[in-house]
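The values are calculated or read from the model by the stated rules, or taken from the named source; none is laboratory data. Every value quoted in this text rests on a predicted model; they were computed, and no experiment measured them. Every residue, glycine as well, gets a Cβ built from its backbone with ideal geometry; the counts of neighbours run over all protein chains shown.
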Amino acid sequence: MYDLTSMGVEISDYIALVTFDKPPVNAQNFLFSEEIKACFDQLSIDKDVRVVVLTGAGKIFSAGTDLNRTGPVTRDELRSARESFHCIVECKKPVIGALNGPALGSGLTVAASCDILVASEKASLGLPEINVGLMGGGRHAQRLFSHSLLRRMALTGYRVPASELYRLGIIEACVAPEELLPTAMNLAREIASKSPLAVQLFKQTLNTIEYMSLRDGYRYEQEMTLEIGKTEDAAEAMKAFAEKRQPVFNER
């Protein structure tokens, strides 16, 4: 089902662990982008998956676009990269980014496309394109960084270390490297224990209202609250809460 060359997928207890595995630095190219799209499209419809944890093999989460190429970048490559990031944002299942090391350029864009971020103490986020006369990643980085800091990153290539990311509230945890996956998996298990329908609808709602006005966004959220309230899972969650037991969800 997940026949991929640039990443691995392991599924257990409703959690999919996706690992970028393209040595030496998980640099992204056209094939890499196409595989991200295929992977996250499949995860969206996989009934055995409720939460995704995304990390990288080796010391780098992703060093960004593969610069070891001949000729200029093409529009097809740009389109594929753009859609690969949207496939993470639009994945029906929540995606926890577990940053094992630097996420740079399009690697930062992947991180910014995740729903929740945790990081190793060795991780960092940066936009180094200016150092090679290029640009990119700024719009996605706006989801994470303030006006001034983003411009410092974009115009100087400054990398924000994990300790600073945690201080700024951009990541949920900054832990020793050996604690990264346990931390991410504990968070994934907590989310996986909730109503799958409610989690998926809440993610969809948060994506939809992100750039709406307060009035329009809250109105939309209220409508979705009415919709989820009609499900059997919602009734089961409330009944289990009253009976002080774990709910059993059937995704109806």
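If you check I171, I130, I209, which single one turns out to be surrounded by 14 or more Cβ atoms within 10 Å (Cβ to Cβ) and over 26 Å from I60 (Cβ atoms)?
I209
Based on this model, can you work out whether T19 counts as in a loop (DSSP other than H, G, I, E, B) and of a type in the set (V, I, T)?
When the stated conditions are applied, T19 does not pass them.
Could you look through region 216-252, keep only residues that are aliphatic (A, V, I, L, M) and surrounded by 14 or more Cβ atoms within 10 Å (Cβ to Cβ), and pick out the one that is farthest from S193 (Cα to Cα)?
M224
Would you tally the residues in region 35-78 being assigned to a helix (DSSP H, G or I), among the β-branched types (V, I, T) and surrounded by 12 or more Cβ atoms within 10 Å (Cβ to Cβ)?
1
Would you check which residues across region 106-121 are touching a Pro at 6+ places or on another chain (Cβ under 6 Å) and part of a loop (DSSP other than H, G, I, E, B) and list them?
Passing the criteria: only D115.
Let's see how each residue does on (1) without any contact (Cβ under 8 Å) to a residue 12 or more places away in the chain; (2) in contact with a strand residue (DSSP E or B) (Cβ under 8 Å, 6 or more places away or on another chain); (3) not charged (D, E, K, R):
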site: Y166; (1), (2), (3): no, yes, yes
site: Q204; (1), (2), (3): no, no, yes
site: L214; (1), (2), (3): yes, no, yes
site: A234; (1), (2), (3): no, no, yes
site: K239; (1), (2), (3): yes, no, no
site: A242; (1), (2), (3): yes, no, yes
site: R245; (1), (2), (3): yes, no, no
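Scan region 79-102 and report the pairs whose first residue is closer than 21 Å to A123 by Cβ and whose second residue is of a type in the set (K, R) and surrounded by 21 or more Cβ atoms within 10 Å (Cβ to Cβ), with Cβ atoms within less than 9 Å and a gap of 6+ or a chain change.
Sorted first by the residue in region 79-102, then by its partner, the pairs are P94/R50.
Working carefully through the options A154, A176, A141, A162, find the one that is within 28 Å of V51 (Cα to Cα), in contact with a helix residue (DSSP H, G or I) (Cβ under 8 Å, 6 or more places away or on another chain) and either in the same structural domain as A123 (by TED's automatic domain parsing) or surrounded by fewer than 15 Cβ atoms within 10 Å (Cβ to Cβ) (or both).
Answer to the check: A141.
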